[in-house]
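The values are calculated or read from the model by the stated rules, or taken from the named source; none is laboratory data. From a predicted model like this one, the values you see are computed outputs, not experimental measurements. With ideal geometry, Cβ positions are generated from the backbone for all residues, glycine too; neighbour counts draw on all protein chains shown. Ligands, DNA and RNA are stripped out before the accessible areas are found, and what is left, the full protein with its side chains, is counted by its heavy atoms. Shrake-Rupley method; radii C 1.70, N 1.55, O 1.52, S 1.80 Å.
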Amino acid sequence: MALISSSSSSSSSSSPRWKYDVFLSFKGDDTRKKFTDHLYAGLTQKGISTFRDDEKLQRGTLIAPELTKAIEESRFAVVILSRDYASSRWCLIELAKIVECMEKKGLVVLPVFHYVDPSDVRNLRGTFAEAFAKHEEQHLKDNTGNLQKWKAALTKIADLAGWDLKDKHESIVIQKIIGRIFGTLNRELSSVSKDLVGIDSSVEEILDLYLGGLGGVRFVGICGMGGIGKTTLAQEIYIRIYGSFDASIFIANEGINVIRNRLRNKKVLIVLDDVDGEEQLEALAGNHDWFGPGSRIIVTSRDSHLLRRHGVNDIYTVKELNDDDALQLFSWKAFNSPHPKENYVDLSKDFVNYAKGLPLALKVLGSLLFDKRTNEWKSALDQLKAKPDRNILDILQISFDGLTDTQKELFLDIACFFKGEKQDCMKDILESFGYYPDYNIGVLMEKSLITIDQAGTLWMHDLLQEMGREIVRRESRKEPGRRSRLWLYEDVLHVLKNDTGTEVVEGIVLYPPDEKVEQLNAEAFSKLKKLRLLKVKNVQLPQGLNYLSNELCLMEWHGYPLKSMPIGFQPIKLVELILHCSQIKQLWKGIMSLDELKVIDLSDSQNLIEIPEFSGFPNLKKLILRGCTRLSKIHPSLGNLKRLTQLDLYGCKCLKSLPENLGNVESLEELYVGGTAITELPSSFVLLKNLRVLSLRGCEGLSSISSNKLLTFPLMPRRRSPDPMGMAITAHDCTSLETLPIRPEDDFCPDLWLLNCVKLIGNQGYNNILLNILRGSSKEFISGDLVIPGSEIPKWFSHQSVGASMNLQVPLDECNNNKWEGIVASVVFVVRQHNPFAQDIPICCRVKSNGNVFARSSIGFSEDIGKIEPYHLWMTYLSSSYLKSQFKRQKKILSQRDANGFNQIEIEITSLSPDLEVTKIGAHLVYKQDNEDLKQTMAGCSSCSITPYEDDFDDSAKDTKIKRSHDDYDADEAGPSGEGTSNDMDIPHPKRIRIPNVIERFIPRLGNWIGNLSTQEQGNSDCEEEESQSKW
């Protein structure tokens, strides 16, 4: 057990640059034998070099040379401003010199207001005014220059942050002063260490979030994977703050009994490093009464759950170093310099990239490469890729060794197969493997072995992944066919072509490089009796396929080359069957009983002519047949799938109808029928009460033949249990679609995507659509996006600009006070050049404060059907709940406001596509009162006939008045003309209602559902959805 302790003293922390740490300036008669003497004793006891003038020094009209020199050679000056401080010419001369050094040499000045009002010092009132009056009376009028300098010095000192002794315990203030000085000096001393690269931000974050304040006893955890720098961070925090405590102790690698006797009832700082067992924390949990007020106990561990269950609720997770800091730390070890040598820059970056910000790896690798030639560096890098450094992996494996057998198997599967996959998409698979993922994934996270990002994606550090894969390699160094998991192309090909597989093999991933096509014989999988996972791409079977394991739970074969599954293949454990771009014509004949099957995905299997009866798949959740261009009918047993949530038939161009009993699938949430020959949805469609995504993209047959022959489109029933997620309607490229009857009684709030639906907008206008949506909405803060043809920002937007960015003043603090509900952003964009091969055209709205992004929203679309012809308008909403969550994460945002309480922010629209151009941008604040106004006015607004959204409206439509209710929402925000300040709300003739005016009335409610991205119509399944930012 290693101990670092301090109870009363420490070695001097003086920097060689300064002769003294502290210079004390004070009026002798007032404080020398009381406050100043106690402060001096405390400073010297801590080993802080302090200058205090000798009371025997002869005072005169000029300051003693030794005092001037002492001030110049000090790091801090503590100025004790007592009642009669200004009566001493000596003190005032000292003070002027201190201010001069503060401004020219960086002297840190700490004022103490010794039972005087700081405002009296600043404004020269009371005894300070009396003192200067006496100086003038005592024939000093000829030295007016000195008087003005002294007055200015007092004012500057009084404006500095310091300590006011009024109503305070002097001993507590003295400890604060000592702690402030001691912490700064130790920070400066420790910052010269070459190992402390990139640590300052983490130290400051922990000090600000967890270790500040005076009250109570606080336990703080520092958690993270092995080698991430937990101990280093704890040591640095300890060095910086231990001088502020009565006693302190750093306990490395266990040890607790010493604490009870040595540190009881004191204000203490304790660091328990590398805790991995129950004993130490059990001794501390529930025993806060051991320690005095203000005590801080810091615990480092790889296991966050261990910390939480013993009362350590404030936990900081250590992050990897960024690339710049990582390169600097590596260079210190490899070159004894903060930068790599000229010929080693690229190689150094290769090693830094390998380490992925892990300090342990950077130090180990840098030390190994010190003073080595470039050819040795290259050889070492190649060796690392083939066989990782054992010194690194052994430390990382400590956490793995503490897992149960099931948790180990789960970790190895993630390391070999599932890193980067969505957790929700893998849940059924992991459950089929017997891993109990709801519990055990949490355990792996708590032990810092994996992470899950905001999009729900499983991740782990590259070196942890390499550690897991190395554990698998150790199962059989020489023969891959005797390992449980195979993922390397060369290993898999060796096993399958040389027939060296065994029953040990449980999972295979074979993805040939560079789209290379491999050929296997019919018996390639015959020995793999226990194979439960198979992921294959671009593999041909010229002799057919005789066998596949019936133990398969996941079968994913891109380009499956056969017309059907092997005879005798009875995969009763199969959970997911994914055969993209396959040659399959018919999966199997007759009824196959597969009770565990959850997903069938045959996307782009263009030879598929029919699908089997569904009665054998009672638990099927997703049926994805997009791009199956020869598929012409769906078996009516589809209506028996009571758990089906997603039906994707996009691009099945020969499909003309859906089973009439589709409405029986009440669990259906997503329906994609775009690009089909469907002209009418079945009448039972209205029974789909849980439907939230409907995509009609490219359904050219959905049109009105005449006014008396409107194609049926029953959009939505009244909901018995409204879905808070709302519904997404996508009708991209439905160029013939003329009507979209959304009824006021429909209770839902959708995403509305109408790219290229020019005829719909021209015939119906989107006023009616929006109005009925708004009247039918009853929920707050529902996410969604609105994308429609349009070339102008609606005029109700109080802030507008040409181009892709704008600056504005926003009272962000009012968001925390619930005065306003969010920001609506509106963007006009156009796609200049058609690119049918582009996967996605993204567009992102970012909100910045002082150059830092603190809020964002994004959408994406593609041109795979046809060119996006007209200008389009995108409206998105940043809700107050989302903004509040960002303020909690970035606390400095709210503090960066001007004297009027406004924050300067920038809204910027960006796109990675060179084909997309943003022409205009608008922004508007939505206040809470706006929603109240809407509720009062909606009752008087009924359906109306509305003209299209064009720019050439006549002036008669300009008589709409918008009610302004917020105190600051005045004529300055009313738009270019300053109109709209009346409290009246006139309703023009229905035939004259302009779209901007309709939105002006009802967009406050629209703000509750315009927001987050919904791009489900673009992916093959939930697993392939574009990552979108989550604001709720």
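Per-residue packing, averaged as other Cβ atoms within 10 Å, sorts the ranges 370-376, 71-77 into the order 71-77, 370-376, beginning with the highest. Surface composition of segment 393-473: carbon plus sulfur atoms contribute 47% of the solvent-accessible area (1.4 Å probe, protein chains only, all chains present). Taken per residue, the accessible surface of segment 397-556 reaches 42 Å², heavy atoms only and a 1.4 Å probe. Quick check: from the Cα gyration tensor, does segment 476-552 come out rounded (a/c under 1.5), prolate or oblate? Oblate, because a/c is 1.5 or more while a/b does not exceed b/c.
In whole angstrom, how long is each semi-axis of the equivalent ellipsoid of segment 573-666, when you take the square root of 5 times every eigenvalue of its Cα gyration tensor and sort them from largest down?
Details: eigenvalues 68, 51, 27 Å².
That gives 18, 16, 12 Å for the three semi-axes.
Per atom type, segment 568-626 shows carbon and sulfur on 46% of its accessible surface, probed at 1.4 Å.
Give me the Kirkwood hydrodynamic radius of segment 416-536 in Å, from all C-alpha pairs, to one decimal place? Present the calculation step by step, with values, prior to reporting the outcome.
Working: mean 1/r = 0.0638 Å⁻¹.
For segment 416-536, inverting the mean 1/r across all distinct Cα pairs yields 15.7 Å.
Projected onto their three principal axes, the Cα atoms of segment 393-473 cover extents of 32, 24, 23 Å, largest first.
Put LYS97, LYS529 in order of accessible area, highest first, and with a 1.4 Å probe you get LYS529, LYS97.
Net charge near LEU165, counting Lys/Arg +1 and Asp/Glu -1 over other residues with Cβ under 13 Å of its Cβ? Intermediate values should be presented prior to the final figure.
Values: positive: LYS34, ARG83, LYS166, LYS168, LYS176; negative: ASP30, ASP117, ASP164, ASP167, GLU170.
Its environment carries a net charge of 0.
Largest accessible area first, the residues ASP246, ASP323 order themselves as ASP323, ASP246 under a 1.4 Å probe with ligands, DNA and RNA left out.
The phi torsions of segment 410-423, fed into the Karplus equation with coefficients 6.51, -1.76 and 1.60 and a -60° offset, translate into couplings of 4, 4, 5, 5, 5, 5, 8, 10, 10, 4, x, 8, 6, 4 Hz, rounded to whole numbers, with Gly and Pro shown as x.
Give the accessible surface of segment 323-386 per residue, rounded to a whole number of Å², with probe radius 1.4 Å and ligands, DNA and RNA excluded.
Working: 3550 Å² over 64 residues.
I get 55 Å² per residue for this part.
Each 5 Å bin from zero holds the following percent of Cα-Cα pairs in segment 323-386: 4, 21, 36, 28, 10, 1. HIS169 exposes around 130 Å² of accessible area when a 1.4 Å probe is run over every protein chain in place.
Just reorder ARG697, ARG309, ARG32 by solvent-accessible area, largest first, 1.4 Å probe, all chains present. Write out the running numbers ahead of the final one.
Working: ARG697 5, ARG309 110, ARG32 30 Å².
Ranked list, largest accessible area first: ARG309, ARG32, ARG697.
For segment 516-594, what does the alpha-carbon gyration tensor say about shape, rounded, prolate or oblate, given a ≥ b ≥ c as the root eigenvalues, a/c under 1.5 as rounded, and a/b over b/c as prolate? It is rounded, given that a/c, with a ≥ b ≥ c, falls under 1.5.
Keeping the other protein chains in place, figure out the carbon and sulfur percent of the accessible area of segment 73-138, with a 1.4 Å probe.
Numbers: 1110 of 2560 Å².
On segment 73-138, the fraction of accessible area on carbon and sulfur atoms equals 44 percent.
Exposure check, 1.4 Å probe, all protein chains in place: CYS425 carries approximately 20 Å² of accessible surface.
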